Amino acid sequence: MKHSLLLFIFFVFSCHAIAQSDNNDFWNKEMENSSDIIKPYILSTHPFGIYISRLNHNFNVRSPDKYFFLFEVSSGNIVLPYVKSYELTDPNDQKTAENLPWHDREYSFDLNKVPSKIKEFAADGVIRSYRFTFTLPITVHHELNFSLRANSLDGGKYPYSIFTSDETIEWFHRNIAGGKDPFSRQYYGLNKAGISYKDENDKVLTMNNGNFTIPGIDINYNYYPKLEMNEKHYIYLNFGAQLGINTSRYNPVADFGISSSILKKMIIKDKNILSFGASGGILRQHFIEYGDRVNISNQDFLYSFEALVQYKIKLKNKNHLSYGINYNFQTSYFKKKDIDHIVLTGERINTHWQKTISHLYDNLEGWNFICTYSTRKFSYFVYFREDLNLDNAPDFQTGIGLKMAIKKG
């Protein structure tokens, strides 16, 4: 993450050296009113993440002057072969495990007798995420967003999954990436669907082919302060708070998060706008619990960070076309220190078999490439996401969406 952030900062200053700016009333208005950033819900369709109210960072500079409805659909291909883990609980066993490479621990313990907490996890298929959002502007500086989250699972067959199907990804690995899929899709079978997870308390999360679920709703409040640096330097801040009400039987809790973003805008060629920003946030998980839950995360807090670069082109018909690159980071679902005391077992048929469970103890990273076409009333966007750590949760993700403006009153 540090290297990615340094590269991002270097890019920012490089752009600043070549950018042109014109400090007048026209551009102040243009910056605030017509250059809002349409950023889709780019968070990964993770089998655990879909049941948590995660933070999707905001890079706008003011509340809109209209009501907005937004609908988006994303699809992510998941391949996580069955793995069983034993978290050792005896201090002597833990010390022994700490001094062994993870791939040798299985042969150093009698797993039928050693005291441990056992987890089992397997996931396959295409997880689809559906999001409905209504934006309610209160004033120029305040707004509320209401979002409904929904998800489904299927095998990802053509023509419903052109880019995220097993066949497409397998073809890419064999013909472009230079080799067989490191997660062995062909071995486990193509176009299968199913999620099964058992935690250390024998509580089970399952999702079968064709299942549809509504895991929760999110309520977001955003504040856009009016600052002197807005007009002088085109630098903007915003602050947000999120209440996530998770309604699934697997995670019946409420999450609460806060975030803040800083955005810098530049004028290029007297008509186009270059924007770059950074945002950080923290989500307090299950701060309210109203039922027994499956242990899909033992972290009280999930920290997240996003960086964004967007170039918006003003077309002759006064519409806009924009291209964006987004970097997304989130801390791990389980405490990283626990991996030192874990023994992993499974079919060792490829080099990445252990990732099914081991990736739950790693930070999540992803790059997103976004393209948006905007008119005065509608914005249409597409994006694709690629994981950095090759955790295959998901391997490749795509999304499309529509944002529609409705006049107030």
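The values are calculated or read from the model by the stated rules, or taken from the named source; none is laboratory data. Just so you know, these numbers come straight off a predicted model, no measurement behind them. Ideal geometry is used to build each Cβ from the backbone, glycine not excepted, and the neighbour counts take in all protein chains shown. Accessible surface areas use protein heavy atoms only, side chains included; no ligands, DNA or RNA. Shrake-Rupley method; radii C 1.70, N 1.55, O 1.52, S 1.80 Å.
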### Message
Can you tell me which residue is nearest to ASN392 (Cα to Cα) among those in the range 146-173 that are under 18 Å from the mean Cα position of the chain (by Cα) and not charged (D, E, K, R)?
### Response
THR164
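Take the conditions in contact with a strand residue (DSSP E or B) (Cβ under 6 Å, 6 or more places away or on another chain), buried (at least 19 other Cβ atoms within 10 Å of the Cβ) and closer than 30 Å to LYS84 by Cβ and apply them to ILE370. Does it pass?
Numbers: in contact with a strand residue (DSSP E or B) (Cβ under 6 Å, 6 or more places away or on another chain): yes; buried (at least 19 other Cβ atoms within 10 Å of the Cβ): yes; closer than 30 Å to LYS84 by Cβ: no.
No, not satisfied.
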### Query
When the range 184-230 is examined, which residues are found to be within 21 Å of GLU167 (Cβ to Cβ), touching a residue at least 24 places away in the same chain (Cβ under 8 Å) and open to solvent by less than 50 Å² (accessible area, probe 1.4 Å)?
SER184, ARG185, ASN191, ALA193, GLY194, ILE195
#### Entry: Among the residues listed as TYR86, TYR160, the single one being part of a loop (DSSP other than H, G, I, E, B) and either modelled with pLDDT of 95 or more or open to solvent by 60 Å² or more (accessible area, probe 1.4 Å) (or both)
TYR160
### Query
Restricting the range 373-392 to residues that are hydrophobic (A, V, I, L, M, F, W, C) and in contact with a Gly (Cβ under 8 Å, 6 or more places away or on another chain), which is least open to solvent (accessible area, probe 1.4 Å)?
PHE381
### Message
So, in the range 382-409, how many residues would count as being within 17 Å of SER322 (Cβ to Cβ) and of a type in the set (Lys, Arg)?
### Response
1
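Matching residues to (1) under 29 Å from ALA307 (Cα atoms); (2) modelled with pLDDT under 95; (3) open to solvent by less than 50 Å² (accessible area, probe 1.4 Å); (4) part of a helix (DSSP H, G or I):
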residue: TRP171; (1), (2), (3), (4): no, yes, no, yes
residue: ALA177; (1), (2), (3), (4): yes, yes, no, no
residue: LYS180; (1), (2), (3), (4): no, yes, no, no
residue: LYS232; (1), (2), (3), (4): yes, yes, no, yes
residue: GLY240; (1), (2), (3), (4): yes, no, yes, no
residue: ILE245; (1), (2), (3), (4): yes, no, no, no
### Summary
Note on the range 44-83: residues acidic (Asp, Glu) and either within 27 Å of TYR160 (Cβ to Cβ) or open to solvent by less than 30 Å² (accessible area, probe 1.4 Å) (or both) are GLU72
### Query
Residues in the range 60-74: is at least one under 17 Å from the mean Cα position of the chain (by Cα), modelled with pLDDT of 95 or more and among the polar types (S, T, N, Q)?
yes
### Message
When you scan the range 330-348, do you find a residue that is open to solvent by less than 20 Å² (accessible area, probe 1.4 Å) and farther than 30 Å from SER108 by Cα, even just one?
### Response
yes
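Which ones in the range 115-157 are part of a loop (DSSP other than H, G, I, E, B), touching a residue at least 60 places away in the same chain (Cβ under 8 Å) and more than 23 Å from ASP391 (Cα to Cα)?
Residues satisfying the conditions are VAL140, HIS141.
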